[in-house]
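Below is one structure, written out as structure tokens; comments come after it.
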Amino acid sequence: MKYVKYASAFVLLFFPMLTTAQGELEVLPVQGNVFALFGPSGNTTVQVGPEALLIVDTQPAALSPKVLEAVRRLSPRPIRHIVLTNGRDQAAGGAGNLAKAGRYVRVIDSVDPRGGDTRASIIAHVNVLNKMTAAKIPSESWPTDTYFTSEWSLFSNGEAVQLFHIPAAHTDGDTIVFFRRSDVISTGAIYDATAYPRFDPREGGSIDGIIEGLNRVLDIAVAGENQEGGTVVIPGRGRLSDETDVANYRDMVTIIRDRIRNMIE
């Protein structure tokens with residue numbers, strides 16, 4: 001996409017790549033208030049604005065210092081919300097570190113179930129919390145705010161942010177995040193622009209759920225003129241995409257599923 005090339009040139013001037021022992025962390029403006037961090041394990045989405053920062057997926061814990069360095073270059077505002085698209089290491093490994101470095105802004109001081117916890121909030125589907133507690137992951141990385149419905153939303157930096165639960169995709173706790181004003185979708189592991197889809201049946205994942213998630217992305221996304229541009233999609237791994245990219249990936253996954261089913265039969 002043309003705008004990605006121009007954006008890349010801009011960022012190389014003002015946000016140079018951050019080299020890590022495990023690879024490189026690259027920062028790119030996406031659209032509207034949204035930026036993306038591309039790391040060796042996957043992608044992180046960052047919404048900037050006058051209030052605070054909202055982050056989708058955190059990278060593994062080992063990359064937290066580099067993620068925080070990149071985020072602080074984007075904005076001096078504190079991290080307020082961290083959304084986890086699933087509970088695996090790429091999405092949630094650094095959640096505890098980033099939450100500790102952030103700050104939760106109280107709306108009503110007298111009634112707050114968080115008590116004295118001032119860390120940034122960690123938001124995920126309730127199934128993610130259940131899996132993390134069962135796996136005995138340190139509690140500092142657990143979601144502090146969960147939802148159990150098919151959709152949930154919040155308002156951040158003057159923008160509506162919608163969360164859509166996909167019940168049986170990569171795992172049973174996957175969330176798609178849609179930044180409505182910026183017109184950007186963060187898919188987590190449901191869409192991997194670098195490889196075939198990955199899902200874990202032991203954690204409730206399925207190939208049919210992956211396809212359902214991709215169809216949900218396509219329901220939200222709107223293509224630009226001549227099917228170029230429009231809604232920008234940030235995959236769990238790989239390059240920025242548009243509606244056509246996701247549709248081609250969905251078709252590929254569907255064909256492979258059907259062929260393998262026929263072979264089994």
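The values are calculated or read from the model by the stated rules, or taken from the named source; none is laboratory data. Since this is a predicted model, take the numbers as computed values, not measurements. Every residue, glycine among them, receives a Cβ derived from its backbone with ideal geometry; neighbour counts consider all protein chains shown. These accessible areas exclude ligands, DNA and RNA; they are computed on the full protein's heavy atoms, side chains included. Shrake-Rupley method; radii C 1.70, N 1.55, O 1.52, S 1.80 Å.
Key figures for this structure:
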item	result
Candidates 153, 241, 186: whichever shows maximal mean-square fluctuation once the chain is modelled as a Gaussian network with Cα springs under 10 Å	153
Within-14-Å neighbourhood charge of residue 86 [Cβ basis; K, R +1; D, E -1]	-2
By average C-beta atoms within 10 angstrom, highest first, the peptides 205-211, 77-83	77-83, 205-211
Cα convex hull of the stretch 93-216 - mean projected area over all directions, nm²	8.7 nm²
In order through the stretch 163-169: 3J(HN,Hα) via Karplus (6.51 cos²θ - 1.76 cosθ + 1.60), integer Hz, x for Gly, Pro	10, 10, 7, 10, x, 8, 10
Exposure ranking of 261, 250 by accessible area [1.4 Å probe, largest first]	261, 250
As computed over the chain, the Cα convex hull volume per residue (Å³)	129 Å³
Value of [θ]222 nm, deg cm²/dmol, for the chain, DSSP H segments ≥ 4, -39500 (n - 2.57) each, nearest 500	-9000 deg cm²/dmol
FRET efficiency estimate (nearest 0.05) - Cβ-Cβ, residue 202 to residue 254, R0 30 angstrom	0.80
Relative packing of peptides 43-51, 61-69 - highest average C-beta neighbours within 10 Å first	43-51, 61-69
Per residue accessible area in Å² of the chain, where ligands, DNA and RNA are left out and the probe is 1.4 Å	46 Å²
GNM top mover of 120, 134, 247 - the chain, alpha-carbon springs below 10 Å	134
Calculated from backbone phi, Karplus (6.51, -1.76, 1.60) coupling profile of the stretch 232-238 in Hz, x at Gly/Pro	9, 10, 9, x, x, 9, x
